Amino acid sequence: MYSKNCSEKNQFKNEDNACWALQNTSNKVNNCGEKLHFFFGKITFTSVLNTLLWYNLCIRLSFGKDVDTMLLRKKSKSEKPSTSFDKEPLLKGQVPRHIAIILDGNGRWAQHQGKPRIFGHQEGMFNVEHIAEVGSCLGIEAMTLYAFSTENWKRTADEVAFLMKLPVRFFDRFAPTLMRLNIKTEVMGNKSELPEELQDAISRIEMMTAKNTGMKLMIALNYGSQDEIIGMVKAIANRVAKGELLVEQINSETIDAHLLTDGLPPVDLLIRTSGEQRISNFLLWQIAYAELYFTDTAWPDFKEDALYEAIAEFQRRDRRFGDVKK
Ligand code: FPP
């Protein structure tokens, strides 16, 4: 069940890459330290190191609304997700082909810690990378993540500006992971209304990953299912008006083919984090037979064990698709 695109190192051990990189760096720093010690003695090197640590701390404390500065943050070892979940039974069962997730609870997660809402969005963004990696290693074919809805423009100008800037930095940071895992990424939604630098970042990541053949990662940005359905109806109506299609020929495949999820497997499992139990204009057509899974866990805390638990619950469901049990 493990994806062949996941090296042994990445398969569920999920040794946090950033941690691993930091350890490497720290080994290099130590080696370098030994050399410096030879020339300047221990006190000089320690004070240089302390200065660097304080500088780092000052940056963290003063991040304010500056996305670039915030993204200097590295994951610490303590953030390494626990992997206590017994995955063997999970991997013997059927893993959902397509998982859709409503990434909810970032703001409340941050506020509960006395931090600004945008801090929650930043953590939520890091978690996108983590869950995409776990999903890819599980052999999930498609993952669709609801990152910004057509209704989210109602938020304060500051929060919207932050959310528009976040993916610009995130996509560049995320690119090596996507390439290593052979993940193909696309953004769905009304892209023409997004800021130009975000549109450019989207084009870059889509082009870079276009030939990847592993998991398909769809990020819904400025997405609303009702808008998508209106677009689909208009496109089909146009084809009928041009005589390319007869009204009698319209069936569910015609509709699938005119939606932004064209070509993806049907959504098997829809997850919403953070306690709310509603769909919020997400994939209304596509979730017709999806299993719905609601969890109180906020998105930034929804780590790999939480995903395994959701999949285990999916495997316990009796999916009859309108049929009766034979
Ligand atoms: C909902 O939580 C979350 C959002 C509106 C933004 C989600 C965005 C990310 C996780 C960043 C990921 C970015 C990309 C490009 C994948 P909320 O803020 O509404 O939480 P609340 O209900 O607690 O207020």
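For a quick check: with amide H placed at 1.01 Å from N, whose amide H comes under 5 Å from residue 291's, ignoring anything fewer than 5 positions away on the same chain?
Amide H to amide H, under 5 Å and 5 or more residues apart or across chains, residue 291 pairs with 269, 270.
Applying the Karplus parametrisation 6.51 cos²θ - 1.76 cosθ + 1.60 with θ = phi - 60° to the phi angles of segment 130-140, what ³J(HN,Hα) value in whole Hz is obtained for each residue in order, glycine and proline being reported as x?
4, 6, 5, 5, 4, x, 5, 5, 7, x, 5
Dividing the convex hull volume of the alpha carbon atoms of segment 85-316 by its residue count, what do you get in Å³ per residue?
136
With a 10 Å radius around each residue's Cβ, average the other Cβ atoms per peptide and rank 135-143, 103-111, highest first.
135-143, 103-111
Using the Karplus curve 6.51 cos²θ - 1.76 cosθ + 1.60 with θ = phi - 60°, work out ³J(HN,Hα) for each residue of segment 241-251 in order, rounded to whole Hz, and write x for Gly and Pro.
4, 7, x, 7, 9, 8, 3, 5, 7, 6, 9
Loop only per DSSP, at most 13 neighbouring Cβ atoms within 10 Å: give me the trypsin sites (Lys or Arg not before Pro) in segment 114-218, ordered by residue number. Intermediate values should be presented prior to the final figure.
Values: sites: 117, 154, 155, 165, 169, 173, 180, 184, 191, 204, 211, 216; in loops: 155, 211.
Passing sites in segment 114-218 are 211.
Once phi is turned into θ = phi - 60°, what whole-Hz ³J(HN,Hα) does the Karplus curve with 6.51, -1.76 and 1.60 give for every residue of segment 211-224, x standing for Gly and Pro?
3J(HN,Hα) across segment 211-224, in whole Hz: 8, 5, 10, x, 4, 9, 10, 9, 10, 8, 10, 6, 10, x.
Given H placed 1.01 Å from N in the peptide plane, which residues other than close sequence neighbours of residue 97 have an amide H under 5 Å from its amide H?
Amide H to amide H, under 5 Å and 5 or more residues apart or across chains, residue 97 pairs with 268.
Read-outs throughout are calculated quantities, based only on the coordinates presented, and are distinct from any laboratory measurement. Keep in mind that this is a model prediction, so the values were computed, not measured. When we count neighbours, we look across all protein chains shown, and the Cβ atoms used for this are built from the backbone with ideal geometry, even at glycine.
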